[in-house]
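Only the coordinates and a few stated rules stand behind these numbers; no lab work does. Bear in mind the structure is a predicted one, so any value in this text is a computation, not a measurement. When we count neighbours, we look across all protein chains shown, and the Cβ atoms used for this are built from the backbone with ideal geometry, even at glycine.
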Amino acid sequence: MKWQKKDLLGLRDLKKEEIKILLETAASFKEVTTRQIKKVPALRGKTIVNLFYEPSTRTRVSFEVAAKRLSADVINIAAEYSSVRKNETLNDTGRNIEALKADLIVVRHNAAGAAAMLSRHLNIGVVNAGDGWHEHPTQALLDIFTLAEKKGKIEGLTVTIVGDIAHSRVARSNIWGLTKLGAKVIVCAPSMLIPNKIEKMGVSVTSNIDKALSKSDAVNVLRMQFERDQISAFPKRLNYFKNYGINQERIEKTNKDIVIMHPGPINRGIEISSEVADGLNSVILDQVTNGIAVRMAVLYLISGAREK
């Protein structure tokens, strides 16, 4: 099977084989990051535009580094400094970028479905770098890539996702990707942070983090998005850490070699202790490194699909 999609909008609509193609291509690009000269000419002459309507450090920089390592030209557009401030619509912005003969747009937006809407109006490729509470496909891909690298497989593993599930596009993309590849997923959070009917996504639900960890090969610790708490519905920070925070005592109690993951940025002492975040079980910095290889794969495959 070959990659044929013009865009990457989410993992929900991908087949298992398509996810595997992305991961296998990322593995081939991982070798590039170990070279003295970390660059290949795969996208020479191409122009990639990073169009970000939300603040970002890791994702935007990772996409920029990935594009440059493929020898593409990169343009970064932050919405606060663009014609968006003059009420230009997303579609008009996208059409103007397309008219400038860019080859691909990487878009992050606070509205769910924004990337999909943009893709319907453009002939050039669109990559979703996070849309509202919907999906963040490349983050999930790098999470899965890192876990497979550490454990040697995905099928048969049990992964707990703990934290602010309700507001997490990372959780949704991870659930779609992991379950399609044969992993079992447990989501763990206070009841107010669990979306209704999430079991329909094929996951187990618990509010007991110790019980979840005892069954798990890995835990993906989500950032608590306190900035979204407008009605004081979230648990208090110290209470949250006491009941759900990942600390060394909890990890040792399991007597298991649990892989510790976090998409960042980390709230130390709220969702995870520094001892765990910086400990031997942590692959948090590996996730950042692997994000470059994964995003190189995405840009390469989508650019190639458009040319067919």
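Regarding the stretch 52-63, can at least one residue be identified that is free of Cβ contacts under 8 Å to residues at least 40 places away in the same chain and either surrounded by 14 or more Cβ atoms within 10 Å (Cβ to Cβ) or farther than 26 Å from Ile154 by Cβ (or both)? It would help to see each step written out before you state the result.
Looking only at the stretch 52-63, we keep the residues that are free of Cβ contacts under 8 Å to residues at least 40 places away in the same chain, and these are 55, 61.
Among the residues that remain, those that are also either surrounded by 14 or more Cβ atoms within 10 Å (Cβ to Cβ) or farther than 26 Å from Ile154 by Cβ (or both) are: 55, 61.
Yes, the stretch 52-63 contains at least one residue that is free of Cβ contacts under 8 Å to residues at least 40 places away in the same chain and either surrounded by 14 or more Cβ atoms within 10 Å (Cβ to Cβ) or farther than 26 Å from Ile154 by Cβ (or both).
Would you mind finding the one in Asp73, Asp92 that is touching a residue at least 12 places away in the same chain (Cβ under 8 Å) and not polar (S, T, N, Q)?
Exactly one residue qualifies, and that residue is Asp73.
Which of the residues belonging to the stretch 129-159 are part of a helix (DSSP H, G or I) and of a type in the set (Ser, Thr, Tyr)?
Thr138, Thr146
For the stretch 125-167, which positions are touching a residue at least 40 places away in the same chain (Cβ under 8 Å), small (Gly, Ala, Ser) and under 30 Å from Glu98 (Cβ atoms)?
Listed by number, the residues that qualify are Gly125, Ala129, Gly130, Ala140.
Just a yes or no: is a residue in the stretch 144-153 buried (at least 21 other Cβ atoms within 10 Å of the Cβ) and touching a Lys or Arg at 6+ places or on another chain (Cβ under 6 Å)?
no
Can you find a residue that is under 19 Å from Ser173 (Cβ atoms), touching a Ser or Thr at 6+ places or on another chain (Cβ under 9 Å) and surrounded by fewer than 21 Cβ atoms within 10 Å (Cβ to Cβ) anywhere in the stretch 23-45?
no
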